[in-house]
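Participant: Dropping a structure here in structure tokens format, bear with me for questions.
Coordinate-derived values only; no laboratory data. Please read all numbers here as calculations on a predicted model, not as lab measurements. Cβ coordinates were reconstructed from backbone atoms using ideal geometry, including for glycine residues, and neighbour counts include every protein chain displayed.
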Amino acid sequence: MVIIKDDDVVELAHGAGGKVMDSLIKNFVLESFVKRSISKSIPFLGEGVGLEALEDGGSFQVGDFEIVVSIDGHTVKPVFFPGGDLGRLAVSGTVNDVAVMGAEPLVLACSVIVEEGYPLKDLKRILDSANATTEEADIVILTGDTKVMPRRELDEIVFTTAGIGIVESGKIVRNSGLKAGDTIIISGTIGDHGVALLAAREGLEFTTSLVSDVAPLSGLIREIRNLGQITAMKDPTRGGVSSALNDLAQSSKASIWIREESLPFKKEVKAAAEMLGIDPLEVTCEGKIIIGCKAEKAEEILDTLKKNKYGKDAAIIGTVKPPISGKPLVVMETSVGGKRVVEKPIGEPIPRVC
Ligand code: MG
């Protein structure tokens, strides 16, 4: 039982994808929902991935298939940012959460909550962008909802998307699937989305070429999924690569060893992150995936990723090993030959990036 004091309040870090958010979800949110069996209520359905697994989505079985469901609210600021906008982000975020579980995304449900006084032309631009992204991802918006809140009771607009996807039974990809000896790949450069947003907010002049990587990755994931031997996948969104690798290590009860010199960064991202005093490994990516696979398949997966425009900068970044003294740590072998533990961040260092 969590003890809540009268003056305890929700803090920004509670939504920032790091250790503070983990504790809110594990000690507070999960406690509110009693675990119920889906097959007990509906006998022809089977159990899948439950809420307590804290994966990118949940699932249940229907006959020979598993249905994957995921939901995400998006509150990015500014709504239009270098390389994308709220509409593209809202569709891509949920498509990617469904796809990293090994499922084919099929349909979306959308909820838009907008502030009174918001320019209709901007709303139209967001919706058109969302629509173009669904076309690219080859999915359908099946249902939606629109609400308006009085002026100053909401900051501009919140766009929530829920997605449903399907995968053959037994082929779902879990965070817990990594085994010692597996190879870790990232599909491209790290930190582009968060750093591009922050640099735009701060008005850094040398970063005009820096754009968000926001993109729907279902096509890219389909290509590598068909090669088989993928043991885990995760999109490094809030809390970035540091958070995603720690989640994979913890769920898989393994350690992940990454090599600093293998990590792909755009030089503008490195420079801007340094100037702004943030670690780009902890920053949100919106068009990247971390993939765990059997070592013998790694080169083929890497080649396939590199042929796709969203995977051209893909790189093998590390290896999975047994836990270290029983702990599922992420360890970086640094460029100067040292080793350091990559901790899960307290939270995303930049607020309102997704
Ligand atoms: Mg995710």
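Participant: Order 194-200, 14-20, 255-261, 145-151 from most to least packed using the mean count of other Cβ atoms within 10 Å.
Facilitator: Top to bottom by mean Cβ count within 10 Å: 194-200, 14-20, 255-261, 145-151.
Participant: So for each of 272-282, 78-88 I average, over its residues, the number of other beta carbons within 10 Å; can you give me the resulting order with the highest mean first?
Facilitator: Top of the packing list down: 78-88, 272-282.
Participant: In addition: What shape does the chain have by the C-alpha gyration tensor, where a ≥ b ≥ c are the square roots of the eigenvalues, rounded means a/c under 1.5, and otherwise prolate means a/b greater than b/c and oblate the rest? Let's see the in-between values first.
Facilitator: Working: a/c = 1.29, a/b = 1.08, b/c = 1.19.
Rounded.
Participant: Moving on to the next point. Separation between the residue 168 and residue 339 pseudo-spin-labels, each 7 Å from Cα along Cα→Cβ, expressed in nm?
Facilitator: 4.0
Participant: Right, another one. Work out the P(r) tail for the stretch 1-88: percent of alpha carbon pairs separated by more than 16 Å, whole number.
Facilitator: In whole percent, the long-distance tail amounts to 69.
Participant: Long-range amide H contacts for residue 317: which residues qualify at under 5 Å (H placed 1.01 Å from N, peptide plane, sequence gap of 5 or more or a different chain)?
Facilitator: Placed amide hydrogens put 184, 185, 186 under 5 Å from residue 317.
Participant: In addition: How big is D, in µm² s⁻¹, for the stretch 1-153 by Stokes-Einstein at 25 °C and 0.890 mPa s if Rh is the Kirkwood radius over C-alpha pairs?
Facilitator: 135
Participant: List the aspartates and glutamates whose Cα sits under 15 Å from the Cα of residue 35, skipping any in the same chain fewer than 8 residues away.
Facilitator: 47, 52
Participant: Using mean Cβ contacts within 10 Å as the protection proxy, how do 318-324, 67-73 order, highest first?
Facilitator: 67-73, 318-324
Participant: Rank these for me by crowding, 307, 234, going from fewest to most other beta carbons within 10 Å.
Facilitator: Exposure proxy ranking, most exposed first: 307, 234.
Participant: If you plug each phi of the stretch 105-120 into the Karplus form 6.51 cos²θ - 1.76 cosθ + 1.60 with θ = phi - 60°, what whole-Hz ³J(HN,Hα) values come out, in order, with x for Gly and Pro?
Facilitator: Result, ordered by residue: x, 10, 9, 10, 10, 10, 10, 10, 10, 10, 7, 3, x, 5, x, 4 Hz.
Participant: Further question on the same structure: What whole number of Å gives the distance from the Cα centroid of the stretch 6-34 to the Cα centroid of the stretch 71-150?
Facilitator: 25
Participant: Report the extension gain between residue 25 and residue 306 in nm, rounded to one decimal, defined as 0.36 nm multiplied by the number of residues separating them, less their alpha carbon distance.
Facilitator: Result for the pair: 97.5 nm of gain on full extension.
Participant: Here's a follow-up. How big is the Kirkwood radius of the stretch 307-354, worked out from every pair of different alpha carbons and given in Å to one decimal? Each step should come with its number before you reach the end.
Facilitator: Details: mean 1/r = 0.0704 Å⁻¹.
Over the stretch 307-354, the inverse of the mean reciprocal pair distance is 14.2 Å.
Participant: Here is a further query. What is the gain in length, in nm to one decimal, between residue 116 and residue 299 on full extension, counting 0.36 nm per residue of separation less the C-alpha to C-alpha distance?
Facilitator: Values: separation 183, 0.36 × 183 = 65.88 nm, distance 5.22 nm.
Taking residue 116 through residue 299 to full extension adds about 60.7 nm, to one decimal.
Participant: Still on this structure: Give, in nm to one decimal, the length gained when the segment between residue 124 and residue 77 is fully stretched (0.36 nm per residue of separation minus the Cα-Cα distance).
Facilitator: Here the answer is 15.2 nm.
Participant: Using the Cα atoms of the stretch 195-354 to build a convex hull, what is its mean projected area in square nanometres?
Facilitator: Working: hull surface 39.2 nm².
Hull-based average projected area comes out at 9.8 nm².
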